[in-house]
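The values are calculated or read from the model by the stated rules, or taken from the named source; none is laboratory data. As the structure is a prediction and not an experimental result, all values here were calculated from the model. FYI the Cβ positions are ideal-geometry reconstructions off the backbone, even for glycines, and counts take in every protein chain you see.
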Amino acid sequence: MSAPQLLPAEFASQLHQLLAAFGRQGSGHLTEVDADLRQTSYLLAEAVTKLGNSFIGIHAATMAQSDLIAMMKDGAPVPPSLRAMIDRLQLDAVECVNEAITALQFQDMTNQLIGRIVGHVASLHQVLQDAGAAGALLSHNPDNAQALLVLASVNQVLQEKGTILDQVPYKAVTQTHMESGDIELF
Amino acid sequence: MTKTVLAVDDSASLRQMVAFSLRAAGYLVTEAVDGQDGLEKARTQIFDLVLTDQNMPRLDGLALIRALRALSTYQKVPILMLTTESSDEMKLKGKAAGANGWLVKPFDPQRLIEVVKKVIG
């Protein structure tokens, strides 16, 4: 068995650059995608929980009011305890509506996060397409010079696209909870 | 006299929540779908308060505020940002552009009403 041939230094260098660029850019995009997906998941989970609780609270108030109306229709005396309970439930219902309105704002934030995710995925897809297109230039039996030219070409494309992460919409959403945000009057 | 509010946000659901909350408190709310729409509406009517998002297509919140402050009719009208942005850097930009306050989303309807009452009564 003959000894393996060493790659020319320049070839190895270009190959190293290529693999490093793929690793860096791919990892960069996917790290952002991972973070944005987790954040989206937290916000959705809290929003759904709040909306569920709000629905239950509003339902309880509505049912109690229905009972009151039924009693009044039947001419039955309404016990003070029921009136007091309905007053309390009405206040609870207002709070529930406020919680629901806060929770319903999840769509605005998750839409922004999803927009970023789509941007990252599209950028990564473009990088892979560009590399694939450059690689397709390789003939079936390239000599070292041709392979080196193709590698250098792919590396140049990756370098130019290296700043693509800056072109994705920057992160305006840092919320991880659906709680009312700060208010500041200047 | 009923106070008027211009609510500017490219999110339809957000506009709906703002309008619902403020109308329940007795304010007349006009909605705008982005900064450009907001500017056009502001040119046809002087609102008592402008409530605007930051990240919007066509004209973002900061650009809208600067454009409004350039109008003689909007020199003194209170303008509040209602945005997901919470960085001190952005708040400083907002203040420099002419914003009178900064509300971070999501908002609580009761707190929103309180701050609007504080600003325009």
Where residues in region A:71-109 are within 23 Å of residue B:17 (Cβ to Cβ) and among the acidic types (Asp, Glu), which of them is nearest to the other protein chains (Cβ to nearest Cβ)? A:108
Here the qualifying pairs (Cβ atoms under 6 Å; residues six or more apart or on different chains; first in region A:53-73 and closer than 14 Å to residue A:84 by Cβ; second modelled with pLDDT of 85 or more and among the charged types (D, E, K, R)) come out as none
Can you list residue pairs whose Cβ atoms sit under 9 Å apart, with the first residue in region A:171-186 being more than 7 Å from every other protein chain (Cβ to nearest Cβ) and the second being β-branched (Val, Ile, Thr) and not in a loop (DSSP other than H, G, I, E, B)? Count only pairs 6 or more apart in sequence or on different chains. A:179/A:102
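Which of the residues that make up region B:1-58 are of a type in the set (D, E, K, R) and without any contact (Cβ under 8 Å) to a residue 40 or more places away in the chain?
B:15, B:23, B:31, B:34, B:37, B:40, B:41, B:43, B:58, listed by residue number.
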Taking into account only those residues within region B:32-60 that are assigned to a loop (DSSP other than H, G, I, E, B) and of a type in the set (D, E, K, R), which is nearest to residue B:87 (Cα to Cα)? B:53
Taking into account only those residues within region A:94-126 that are crowded, with 19+ Cβ neighbours inside 10 Å and free of Cβ contacts under 8 Å to residues at least 24 places away in the same chain, which is nearest to residue B:82 (Cα to Cα)? A:108
Name the one entry in B:29, B:77 that is more than 10 Å from every other protein chain (Cβ to nearest Cβ) and in a strand (DSSP E or B). B:29
Residue satisfying condition, being over 30 Å from residue B:57 (Cβ atoms) and either within 14 Å of chain B (Cβ to nearest Cβ) or at pLDDT below 85 (or both), within set A:156, A:112: A:156
Would you point out which residue out of B:14, B:6, B:64, B:22 is in a helix (DSSP H, G or I), buried (at least 20 other Cβ atoms within 10 Å of the Cβ) and away from chain A (no Cβ under 14 Å)? B:64
Consider region B:100-121. How many of its residues are assigned to a loop (DSSP other than H, G, I, E, B) and facing chain A (nearest Cβ under 7 Å)? 5
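Would you confirm, using the coordinates I've provided, whether residue A:13 is away from chain B (no Cβ under 14 Å), of a type in the set (Ser, Thr, Tyr), assigned to a helix (DSSP H, G or I) and loosely packed, with under 12 Cβ neighbours inside 10 Å? Don't jump to the end; show me each part of the working.
Values: away from chain B (no Cβ under 14 Å): yes; of a type in the set (Ser, Thr, Tyr): yes; assigned to a helix (DSSP H, G or I): yes; loosely packed, with under 12 Cβ neighbours inside 10 Å: no.
No.
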Going residue by residue through region A:74-88, is there one that turns out to be of a type in the set (Val, Ile, Thr) and modelled with pLDDT of 85 or more? no
Could you tell me whether any residue of region B:82-92 is in contact (Cβ under 8 Å) with a residue 60 or more places away in the chain and charged (D, E, K, R)? no
